[in-house]
Amino acid sequence: MGMLTVVGWQVPWGAQALFPFTLLATYVHEMGHGLTALLLGGEFRSLVLHPDGSGTAFSTNSGSLAAAAVAAGGLLGPSILGGGLLAASRRPSAARWWLLMGGIVMAASLVLVVRNGFGVAFVGAGAAILIAVARYRPRWSPFVLRLLAVQMALSIFRDVDYMFSPGALLDGVPRISDSQAMAEALFLPYWFWGGLTAGLALMALGLGAWVAFRRPAKRSQS
C-alpha cells in the first residue's frame, strides 16, 4: 500500500487519484500547526484549504522556540498521526472508534476554525464519510484506518522539494517553508531540519507498522 502511494504521486493519473488524500494530509498538516500553537499557549485562529492542495493555518505564538515548534508541528503532525492510527488498526474495535473520533474532530474543526468554502466542503465531507464508515460499515474500519494511516505517514515525502527548500508557492503566494521557518527561529540550515523531520516521520511509520503487524507473543505451556 505504501509503495503504491509513493509511485502514485509520481504519475499524473496517480496524483489525481490520490488528491483527496493529499487534501486530507494538508488538513492534518495545518491542524498540526494550529494545535501546537494552542498547546504552547498561543491561538489557533483559522484554517483554510485551497483547491490546489495547499492550505494555511493562522495562529499566534511568542518566542523563537514556540515558532519552531509550531512549524515542526505541521511537518510531523501527519506522520505521527499516521503511525498512531496504524498501530490502532490492529484491533478492529479500536479502529472503528478511531474513525468515529476522527470524524468528530473534523466536524468540530469545521465549526471552530475552518473558514473558507472549499475547506468547509472538504472537511464536512470527510467527517461524514468517517462517521458513516464507523457507524454503518464497522467491518471496513481496519482497512480504512490503515489506508488513511499510510497516506498520513507517507505524506511528508510527497513534497520533498518543499521540505528541502527555503520556500514555495502556496495558493500562488510565495512563502517560506516550514523547514526554513525552523531555521530562522533556531539555528542550522533548512535542509538539516527537513532531513530531521523526514527521519522522524519514517520512525513514526516504522513503529506504527511494527505494532500493527507484529505477531502476538506465544504463551509458554507449563
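The values are calculated or read from the model by the stated rules, or taken from the named source; none is laboratory data. Bear in mind the structure is a predicted one, so any value in this text is a computation, not a measurement. Every residue, glycine among them, receives a Cβ derived from its backbone with ideal geometry; neighbour counts consider all protein chains shown. Ligands, DNA and RNA are stripped out before the accessible areas are found, and what is left, the full protein with its side chains, is counted by its heavy atoms. Shrake-Rupley method; radii C 1.70, N 1.55, O 1.52, S 1.80 Å.
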*asked:* Within region 176-209, take every residue that is among the polar types (S, T, N, Q) and in contact with a strand residue (DSSP E or B) (Cβ under 7 Å, 6 or more places away or on another chain) and give me the one that is nearest to Ser89 (Cα to Cα).
replied: Ser177
*If you go through region 28-39, how many residues are free of Cβ contacts under 8 Å to residues at least 40 places away in the same chain and either surrounded by fewer than 19 Cβ atoms within 10 Å (Cβ to Cβ) or closer than 21 Å to Ala121 by Cα (or both)?*
2
*asked:* If the requirement is being surrounded by 23 or more Cβ atoms within 10 Å (Cβ to Cβ), in contact (Cβ under 8 Å) with a residue 12 or more places away in the chain and more than 19 Å from Phe19 (Cα to Cα), which of these qualifies: Ala66, Ala95?
replied: Ala95
*asked:* Can you say whether Val133 is surrounded by 20 or more Cβ atoms within 10 Å (Cβ to Cβ), of a type in the set (A, V, I, L, M), assigned to a helix (DSSP H, G or I) and under 16 Å from the mean Cα position of the chain (by Cα), as far as the supplied structure shows?
replied: no
*Out of region 148-177, which residues are closer than 19 Å to Ile80 by Cα and open to solvent by less than 40 Å² (accessible area, probe 1.4 Å)?*
Leu148, Ala149, Val150, Gln151, Met152, Ala153, Leu154, Ser155, Ile156, Met163
*Give the residue that is most open to solvent (accessible area, probe 1.4 Å), with candidates limited to residues of region 136-147 that are part of a helix (DSSP H, G or I) and over 21 Å from Thr22 (Cα atoms).*
Arg139
*Residues Gly55, Gly42: which one is open to solvent by less than 10 Å² (accessible area, probe 1.4 Å), touching a strand residue (DSSP E or B) at 6+ places or on another chain (Cβ under 7 Å) and small (Gly, Ala, Ser)?*
Gly55
